[in-house]
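The block underneath contains the structure these notes are about, expressed in structure tokens.
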Amino acid sequence: MFGNKYKFYNPIKQNKAHILALNKQLGIKLSNFIPIIAFSNGADLRVNTTYNIIYTTQINRLIKEYTDIKFQENDIQKLYEKISSLNIVSSEARKQHISEVRNIIATKEQMIQQGICPRCGHNLVFRSGKYGDFFGCSNYPKCRFTQPIEK
Ligand SMILES: [Zn+2]
């Protein structure tokens, strides 16, 4: 019943879409991109992935870890100008995007409260793990959604 009703904002998918868009617009090879997903502090970042998923406060430090020179100063300036010219999003569009993301988060929280997995629509089940109690998806291992239970 809930199967495909809700489309969830998946940060990794979003990131891939953003990179593809930049690849197209800027003509930079995909192999030259380093994906980084940054969340504001307070987000729960218990994720199992090889992706760079960090807090916004860690962005600078992480970027500085990559020291391979891929672009010359000249190219960087051109890329910067190109990106700036592309980034003219109306404040209306920006507001709408923010409110959509908020709605998705609210819907997700509601589903969890009702015991429904927001990722696949199966029931959530209570589980006790090594690192504490959590709700896990009854569709595990197909769906690996978990929600830690706050003490
Ligand atoms: Zn699930």
Show the residue pairs meeting these rules: Cβ distance below 8 Å; 6+ apart or different chains; first residue within the range 69-84 and of a type in the set (A, V, I, L, M, F, W, C); second residue not in a helix (DSSP H, G or I). LEU79/ILE28; LEU79/PHE71
What's the number of the condition ILE116 fails, among (1) within 16 Å of the ligand (Cβ to nearest atom); (2) under 20 Å from the mean Cα position of the chain (by Cα); (3) in contact (Cβ under 8 Å) with a residue 40 or more places away in the chain? (2)
Inspect the range 25-43 for any residue being exposed (fewer than 10 other Cβ atoms within 10 Å of the Cβ), among the basic types (Lys, Arg), at pLDDT 90 or above and not in a helix (DSSP H, G or I) and give the result as yes or no. yes
Using beta carbons and a limit of 9 Å, which pairs, at least six apart or on different chains, have the first residue in the range 126-151 and within 8 Å of the ligand (Cβ to nearest atom) and the second one of a type in the set (Phe, Trp, Tyr)? CYS137/PHE145; ASN139/PHE145; PHE145/PHE135
Considering only residues of the range 49-62 that are assigned to a loop (DSSP other than H, G, I, E, B) and open to solvent by less than 90 Å² (accessible area, probe 1.4 Å), which is farthest from ALA38 (Cα to Cα)? THR49
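The values are calculated or read from the model by the stated rules, or taken from the named source; none is laboratory data. Worth saying up front: this structure is predicted, and the values here are computed from it rather than measured. All Cβ positions, glycine included, derive from the backbone under ideal geometry; neighbour counts span all protein chains shown. In case anyone asks, the SASA skips ligands and DNA or RNA and just uses the protein heavy atoms, side chains included. Shrake-Rupley method; radii C 1.70, N 1.55, O 1.52, S 1.80 Å.
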